[in-house]
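The values are calculated or read from the model by the stated rules, or taken from the named source; none is laboratory data. Computed from a predicted model, the values in this text were never measured in an experiment. Note: ideal-geometry Cβ built from the backbone for every residue, glycine included; neighbour counts use all protein chains shown.
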Amino acid sequence: MKTPALLLALVACTLSLSNGLAARAAEPIKLGEYASLTGKEAGFGQTSHHGVVLALEEINAAGGVLGRPLELAFEDNQTKPGESATVVKKLISRDKVVALIGEVSSGRSLEAAPIAQAAHIPMVAPAATNPKVTQTGSYIFRVCFIDPFQGTVMAKFAKNDLKAKKVAILSSVSNAYSLGLAKFFKETFTAGGGEVTEEKNFSEGDKDFRAQLTAVKSAGVDAVFVPGYYTESALIVRQARDLGITIPFFGGDGWEDEQLLKIGGEALNGCYYSTHFSAENTDPIVAQFAAKYKARWNGEVPGAFSALGYDAVYVIADAIKRAGGTDGPKLRDALAATKDFPGVSGVTTIDKDRNASKAATIIALKDGKALFFKTVAP
Amino acid sequence: MTEFLQQLLNGLSLGAIYALIALGYTMVYGVLRFINFAHSDVFMVGSFIGYYVGHHVPENTVWGGLVVLFVAMAGCALLGMIIERLAYRPLRGAATLNVLITAIGVSLLLEYSGQVFFGATPRTFPSVFPSTNFTLGTLVISSNQVVVIAVATLLMVVLELIVFRTKIGTAMRAVSLNPKAAQLVGVNIDVVISFTFGLGSALAAAGGVLYALNYPSIDPLMGVMPGLKAFVAAVLGGIGNIPGAALGGLLLGTVETFVNGSQWSTYKDAIAFAILIIILLFRPAGLLGKASVEKV
């Protein structure tokens, strides 16, 4: 009676040990994502989140990274100022994530960046374009172009395509992205011989822009640059048309959302914006991504932030592979060494300032549709 | 000159909406001597009712717009009376501070239930009234601005008639002057207060629909800023005074618009509120807030 019991115990022991080993080998790698899934800029968070989830599911279906599956812990900052810092602290201290993905907005990325930097957790911003974001520290990266480039692209576009000589700028005073983009645009546009005759401000959440627009109207400009987010920008263009202003309005990647077209509708005819990606691009990589994305999210067409969220996950997964683990400093070095990584939003090479340089796409708006206009290489 | 007139028009149409909301603050203050902070959220509920009803009436028709306006006003009148019955009536006679805190509580309750029921994402308000632009020389007038100013003026006239020409209006003024004495001469104070809340809330709903017509992006926290400004407008005009609230609203809207169109657009709220402080320094009771003026 004694021997079988001992044997049984031994077998049980070995079994549990091997079970334990297997479990350890397959222990998931936790990534953290913070995004504006609700609130005023919910469009930003929802599209980037959809891209992130799709990439994660694909990687896991293909066997994960280093034999371990990826797991996503995500938090909604509700588009509220201050909330990103809170949720990122939670992701780092409670969920123990090894890397962070976020945010689309520069302002909210700037809130979270110092916390990621202090905790030595690498953070990859999908679409925060303000230069200050990655200047926060050595652990902060991005997979998109930066505003000095976007500002230059739009300044050249205004001069060469819109043939504009005099331009007005309407920017949001409470938004780092908006002020930065306005500044970079103005520098290039005036250096190229153009003139910025009218500069007006508004605040996040404003609904009435008729006063600023009336001033713009009497200034007699050729076009208006609005480096804002989609909610305000759409209302601005609508009210401008109400006031009988027919000149083109154009903006940056903050315009990128379906809501822009819903609120703005036909008032947006003849308006343009620059962004990171267009689903209409005929590149096979893009077409393949668009098809997979539509299948996963009930026919939703991927936007720029979907593509960048998707790329951010792949860039992190690639870095974990090269680092051979998830240790903060090693992962940081691997991310910094990312070179010629093929993504759906273009080839990603992280430069010494931890930024990516990619081509910009210009979108033309017509009859409630966003149409591909052209691509501008860096 | 054109620019000046255009800005004046923009300012008046914004001010008319502030005035409509300010009237609700002022009426409740006149009768109960407390600030109903939930008023700005009734405004929000008004525009959401308009949003849902607006999807069931044909777009761009006058009668469709009027139906939306009427249903939103009726719905909010009911909501206002329910709020008064459940939250404020049990506290009648309690210290002002208690009622004030309750009002803030009701306000937060409406805002965050709104986020649960309507969602936090902004919605696009349907264009329920037909919209065209009229040009008068170089001046451009949008039909929505005309609708806002016309509806607001009409409602203010109706309000004036109710308060000064009807029996219930007389009762309201009586309660405002002295609640106990009014009760002694046979005024049913509960009915009067309930009516006041209903009337004020209906005006807020009208403001909500008109606001959403002009700025067609609505969300559960949309009431906060216009509500604050309307409250300021009510104080500016002399709280408790109906023509004062209308005047305060128009003045605030116009000042804000002119500052916004100047090179100091960054400081628009700072300048608008600085003007308020200066006016109150010289006229502490507000522009029309004299003891001799009838209070409601």
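Quick one: in the stretch A:172-202, which of the residues that are out of contact with any Lys or Arg (no Cβ under 8 Å at 6 or more places or on another chain) and of a type in the set (Gly, Ala, Ser) is farthest from the other protein chains (Cβ to nearest Cβ)?
Taking the candidates together, the pick is A:Ala191.
May I ask you to verify whether A:Val98 is surrounded by fewer than 22 Cβ atoms within 10 Å (Cβ to Cβ), assigned by TED's automatic domain parsing to the domain that holds A:Gly343 and hydrophobic (A, V, I, L, M, F, W, C)?
In short, yes.
Here is a list: A:Gly39, A:Gly107. Which entry is surrounded by fewer than 24 Cβ atoms within 10 Å (Cβ to Cβ) and within 13 Å of the chain's Cα centre (by Cα)?
A:Gly107
Please verify whether A:Lys217 is among the basic types (Lys, Arg), assigned to a helix (DSSP H, G or I), without any contact (Cβ under 8 Å) to a residue 40 or more places away in the chain and surrounded by fewer than 19 Cβ atoms within 10 Å (Cβ to Cβ), treating the condition exactly as stated.
Answer is no for this residue.
Would you be able to say whether some residue in the stretch A:198-217 is modelled with pLDDT of 90 or more, of a type in the set (S, T, N, Q) and in contact with a Leu (Cβ under 9 Å, 6 or more places away or on another chain)?
Checked against the condition, which is being modelled with pLDDT of 90 or more, of a type in the set (S, T, N, Q) and in contact with a Leu (Cβ under 9 Å, 6 or more places away or on another chain), the stretch A:198-217 yields no hits at all.
Can you find even one residue in the stretch A:82-96 that is within 20 Å of the chain's Cα centre (by Cα), at pLDDT 85 or above, farther than 29 Å from A:Arg296 by Cβ and not in a helix (DSSP H, G or I)?
Checked the stretch A:82-96: at least one residue is within 20 Å of the chain's Cα centre (by Cα), at pLDDT 85 or above, farther than 29 Å from A:Arg296 by Cβ and not in a helix (DSSP H, G or I).
Is it true that B:Ser217 is within 14 Å of chain A (Cβ to nearest Cβ) and hydroxyl-bearing (Ser, Thr, Tyr)?
yes
Of the residues that make up the stretch A:243-260, is at least one part of a helix (DSSP H, G or I) and either surrounded by fewer than 24 Cβ atoms within 10 Å (Cβ to Cβ) or within 10 Å of chain B (Cβ to nearest Cβ) (or both)?
yes
Go through (1) within 12 Å of chain A (Cβ to nearest Cβ); (2) buried (at least 22 other Cβ atoms within 10 Å of the Cβ); (3) under 25 Å from B:Ala103 (Cα atoms); (4) at pLDDT below 90 and name the single condition B:Val224 misses.
Looking at each condition in turn, B:Val224 falls short on (2).
Would you please name the residue that is nearest to A:Gly264 (Cα to Cα), looking only at residues in the stretch B:118-138 that are more than 9 Å from chain A (Cβ to nearest Cβ) and aliphatic (A, V, I, L, M)?
B:Val128
Looking at this structure, is B:Ser201 away from chain A (no Cβ under 14 Å), more than 17 Å from the chain's Cα centre (by Cα), polar (S, T, N, Q) and not in a strand (DSSP E or B)?
no
Here's the yes/no breakdown for (1) of a type in the set (Asp, Glu); (2) surrounded by fewer than 17 Cβ atoms within 10 Å (Cβ to Cβ); (3) within 13 Å of chain A (Cβ to nearest Cβ):
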{"residue": "B:Ala94", "(1), (2), (3)": "no, yes, no"}
{"residue": "B:Leu100", "(1), (2), (3)": "no, yes, no"}
{"residue": "B:Val116", "(1), (2), (3)": "no, yes, yes"}
{"residue": "B:Leu155", "(1), (2), (3)": "no, no, no"}
{"residue": "B:Leu161", "(1), (2), (3)": "no, yes, no"}
{"residue": "B:Arg165", "(1), (2), (3)": "no, yes, no"}
{"residue": "B:Ala171", "(1), (2), (3)": "no, no, no"}
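Among the residues of the stretch A:30-78, write down those that are more than 26 Å from A:Ala323 (Cα to Cα), among the small types (Gly, Ala, Ser) and touching a residue at least 60 places away in the same chain (Cβ under 8 Å).
A:Ala35, A:Ser36, A:Gly43
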